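S.K.: One structure follows; several queries about it will come next.
The values are calculated or read from the model by the stated rules, or taken from the named source; none is laboratory data. Because the structure is a prediction, the values reported are computed rather than measured. As a convention, Cβ positions derive from the backbone with ideal geometry for all residues, glycine included, and neighbour counts pool all protein chains shown. Keep in mind that these areas ignore ligands, DNA and RNA; they rest on the heavy atoms of the full protein, side chains included. Shrake-Rupley method; radii C 1.70, N 1.55, O 1.52, S 1.80 Å.
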Amino acid sequence: MKTLLEISKLKVHFPVKGGIWMRPVATCKAVDGVSLEIAKGETLGLVGESGCGKSTLARTVVGLNVPTAGKILLDGQKLGGFRGKQGKKNRKRIQMVFQDPAESLNARHTVGQILEEPLLVHRMGSQSERNSRVKELLNLVGLAENAANRYPFEFSGGQRQRIGIARALTLNPEVLVLDEPVSALDLSIRSQVINLLMDLKNRLGLTCLFIAHDLSVVRHLSDRIAVMYLGKVIEVAPAQELLNNPLHGYTRSLIESIPQPDPKMHGKFSVLSGEVPSPINPPPGCPFGYRIRSELYTESIGTALELTEVSPGHWIQQCPCCCPKKKP
Amino acid sequence: MNLLEVRGLKVAFENEKGEDLVVVDGVDLSLESGQTLGLVGESGCGKSVSALSLLRLLPHPAGKILNGSILWKNVDLLSMSSDQIRSIRGKEIGMIFQEPMNALNPSHTIGRQVDEVFLTHREMKQAEAREHTLKMLQKVGIPEPNVRANDYPHQLSGGMRQRIVIAMALACEPDLIIADEPTTALDVTIQAQVLQLMSELQEQSAASLLLITHDLGVVAQTCDEVAVMYGGRIVERAPVSKLFQSPKHAYTRGLLASIPSLTDPVQAKLPVIQGMVPALADLNTGCRFAPRSTHHHEQEWLEVRPPFVEVEENHWVEACPACAVLNKKDLS
């Protein structure tokens, strides 16, 4: 399959300001060398704990953060920023759905205005064309046409997220970036929105970068899953392969810590000790080996932690402490 | 004797028009000592409001308890004076809140906040209180307690902050701990740590736990019994294994089915519960789930509240013909 979106050695660093002059005193390495490829029509799931840099990555892909190093290629062409004339064209091709629909919709605009705005910004269509596009979008996400005259507060959380999805689809983007689109929703509503996303993906042939912290949700929507830990991707594999055969110690713990709705698990906690180290002052070696105080941690200091392909399509960050190389 | 016995609790909030919106509509709960009861439901179902009412912490003056009784060790909490209830809060009943950053005072060190529990309820001297605080911090797994005690909440991670809240709730060895979504704001790996800590400490002190959550996975791991809430009422109550193996109410079955599984093959569509949670003002008097149930319902069922019946030993369900799996004798 053809690669549509390519993220290459992307780094996003933020200065940490301090002292009385608010000068930069340290750097927060939110995303620190991430390379990923998404094929046309594919959905890549990105999972990780809070603070691992997954949202920063998403925001950089849609141009809300400026990369410090590395590049993002869309269809083989480098995305030269999101400002100016060229930037406007780029923005049309990549759209985003945000986590909290209550905060990402303008409360003073009607749903119709919210959905129409992208068309106005890009000066597309006449008034009647725009109106019919709004109706089409509302139908697409399963809302009634009269919703266009109502305000976001009149809708429930699930319906608001449908509006957020419709807005992202207004311009027929090629790539959709979804940042935790269902995390804020209740269980019964969540599965409705997941079904809608699965349906839209198949019908419109969308290419998606789907970000979530919940592996069970990601599994349902993704073809491949990438696991991030402290600014780096540590494992990438086809969805089912990753769950059946996780190779990195962190992926394994992440899967095991999900509480299963099975009373046989009563009182059994799979506990991973420690916490995610700070991205401002990361440990010199493998950050996961450091967290679990692995005996082999010292061996990882100084070794280049690169993603290597261990079986077709299954890449892991090979380090001595988390996924020791098999002896031949 | 039950440690806590709630009967027919009815709580309402006044809206800006001065009308009462009933949020909790006739809830019965009972908790034996040492037991863990899970209270499950979606947002707006009244689970947090029920918990706050137990400690009489409802926002004043909007929230009010219209009806019912809350018997704590056979004394009605609703008839107590504010002074009396204050001596129970934090001493006999501890509370753990969802968002640790909001539960802690940002301008006091964590040591001082834990000290306060001992100073108020145990009437200790400062030095003695600090000694107990350090022991407590050690117990909840804070590394280097004597250094950390001087930290402010913002200097700690989310998981550590929740440990402090737990330390405060458990400081006086309460008989009952009410935990309102204690791990919802935390990551899965940290959630597992906090749940394990809570169940260890609970076992040590033989306290009861009322765990409020929306995550059925957490319930399966930690609770002995579960009560499922919908629209301000408990629709089903059963021991954990029974509820997961043979759920009787359509809502419980819908909830269990809509959890995306980690192991089953990916389906084209996840099972869903049709429709959405009705607004508080639109709630009907009869069975509240019937309009969303896939089975046919008659108008009468929407008007008359179905009885809460015991269909199997310890397994209670709201007996609406459209929503519940019932034997013939249960209906009579």
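S.K.: For the condition without any contact (Cβ under 8 Å) to a residue 24 or more places away in the chain, open to solvent by 10 Å² or more (accessible area, probe 1.4 Å) and within 14 Å of another protein chain (Cβ to nearest Cβ), what is the one hit in A:Asn146, A:Asn195, A:Asn139? Show your work before the answer.
M.R.: On the way: A:Asn146 fails: within 14 Å of another protein chain (Cβ to nearest Cβ); A:Asn139 fails: within 14 Å of another protein chain (Cβ to nearest Cβ).
Being without any contact (Cβ under 8 Å) to a residue 24 or more places away in the chain, open to solvent by 10 Å² or more (accessible area, probe 1.4 Å) and within 14 Å of another protein chain (Cβ to nearest Cβ) holds for just one of A:Asn146, A:Asn195, A:Asn139, which is A:Asn195.
S.K.: Of everything in the range A:169-192, what is under 15 Å from the mean Cα position of the chain (by Cα) and either open to solvent by less than 10 Å² (accessible area, probe 1.4 Å) or within 17 Å of A:Val141 (Cα to Cα) (or both)? Give them in sequence order.
M.R.: A:Val175, A:Leu176, A:Val177, A:Leu178, A:Pro181, A:Val182, listed by residue number.
S.K.: Still on this structure, please answer the following. Of everything in the range A:156-176, what is within 14 Å of chain B (Cβ to nearest Cβ), closer than 17 Å to A:His109 by Cβ, touching a residue at least 24 places away in the same chain (Cβ under 8 Å) and out of contact with any strand residue (DSSP E or B) (no Cβ under 9 Å at 6 or more places or on another chain)? Give them in sequence order.
M.R.: Applying the first criterion (within 14 Å of chain B (Cβ to nearest Cβ)) to the range A:156-176 yields A:156-162.
Among the residues that remain, those that are also closer than 17 Å to A:His109 by Cβ are: A:159-162.
Now narrow it down to the ones that are touching a residue at least 24 places away in the same chain (Cβ under 8 Å): A:160-162.
Selection gives A:Arg160, A:Arg162.
S.K.: Looking only at the range A:86-120, count every residue that is of a type in the set (D, E, K, R), assigned to a helix (DSSP H, G or I) and open to solvent by 60 Å² or more (accessible area, probe 1.4 Å) and tell me the total.
M.R.: We begin by selecting, within the range A:86-120, every residue of a type in the set (D, E, K, R); these are A:88-89, A:91-93, A:100, A:103, A:108, A:116-117.
Next, from what is left, pick out any that are assigned to a helix (DSSP H, G or I): A:88-89, A:91-93, A:103, A:116-117.
This time we only want the ones that are open to solvent by 60 Å² or more (accessible area, probe 1.4 Å), so: A:88-89, A:91-92, A:103, A:117.
Residues that pass the stated criteria total 6.
S.K.: Given the condition surrounded by 23 or more Cβ atoms within 10 Å (Cβ to Cβ), modelled with pLDDT of 90 or more and either more than 18 Å from A:Leu57 (Cβ to Cβ) or within 7 Å of another protein chain (Cβ to nearest Cβ) (or both), answer yes or no: does some residue in the range A:223-232 qualify?
M.R.: Checked the range A:223-232: no residue is surrounded by 23 or more Cβ atoms within 10 Å (Cβ to Cβ), modelled with pLDDT of 90 or more and either more than 18 Å from A:Leu57 (Cβ to Cβ) or within 7 Å of another protein chain (Cβ to nearest Cβ) (or both).
S.K.: Filter the range B:212-224 for residues that are buried (at least 22 other Cβ atoms within 10 Å of the Cβ) and either out of contact with any strand residue (DSSP E or B) (no Cβ under 8 Å at 6 or more places or on another chain) or within 12 Å of chain A (Cβ to nearest Cβ) (or both) and give the result.
M.R.: Within the range B:212-224, the first condition is being buried (at least 22 other Cβ atoms within 10 Å of the Cβ), and the residues that meet it are B:212-213, B:216, B:218-223.
Within the range B:212-224, B:Thr213, B:Leu216, B:Val218, B:Val219, B:Ala220, B:Gln221, B:Thr222, B:Cys223 qualify.
S.K.: Let me ask you something else. Do we have any residue at all in the range B:174-186 that's within 18 Å of A:Leu272 (Cα to Cα), at pLDDT below 90 and loosely packed, with under 15 Cβ neighbours inside 10 Å?
M.R.: Checked the range B:174-186: at least one residue is within 18 Å of A:Leu272 (Cα to Cα), at pLDDT below 90 and loosely packed, with under 15 Cβ neighbours inside 10 Å.
Quick grid of which residues meet (1) modelled with pLDDT of 90 or more; (2) of a type in the set (Val, Ile, Thr):
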position: A:Thr3; (1), (2): yes, yes
position: A:Gly18; (1), (2): no, no
position: A:Leu44; (1), (2): yes, no
position: A:Gly51; (1), (2): no, no
position: A:Gln77; (1), (2): no, no
position: A:His109; (1), (2): yes, no
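Yes/no matrix, rows are residues, columns are (1) at pLDDT 95 or above; (2) under 30 Å from A:Glu6 (Cβ atoms); (3) outside any helix (DSSP H, G or I):
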{"position": "A:Val134", "(1), (2), (3)": "yes, no, no"}
{"position": "A:Asn139", "(1), (2), (3)": "no, no, no"}
{"position": "A:Leu143", "(1), (2), (3)": "no, no, yes"}
{"position": "A:Ala147", "(1), (2), (3)": "no, no, no"}
{"position": "A:Gln159", "(1), (2), (3)": "no, no, no"}
{"position": "A:Leu171", "(1), (2), (3)": "no, yes, yes"}
{"position": "A:Pro181", "(1), (2), (3)": "no, yes, yes"}
{"position": "A:Leu185", "(1), (2), (3)": "no, no, yes"}
{"position": "A:Ser188", "(1), (2), (3)": "no, no, no"}
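S.K.: Give the residues of the range A:265-311 that are within 14 Å of chain B (Cβ to nearest Cβ), without any contact (Cβ under 8 Å) to a residue 24 or more places away in the chain and in a helix (DSSP H, G or I), sorted by residue number.
M.R.: Hits for the range A:265-311 are A:Met265, A:Arg291.
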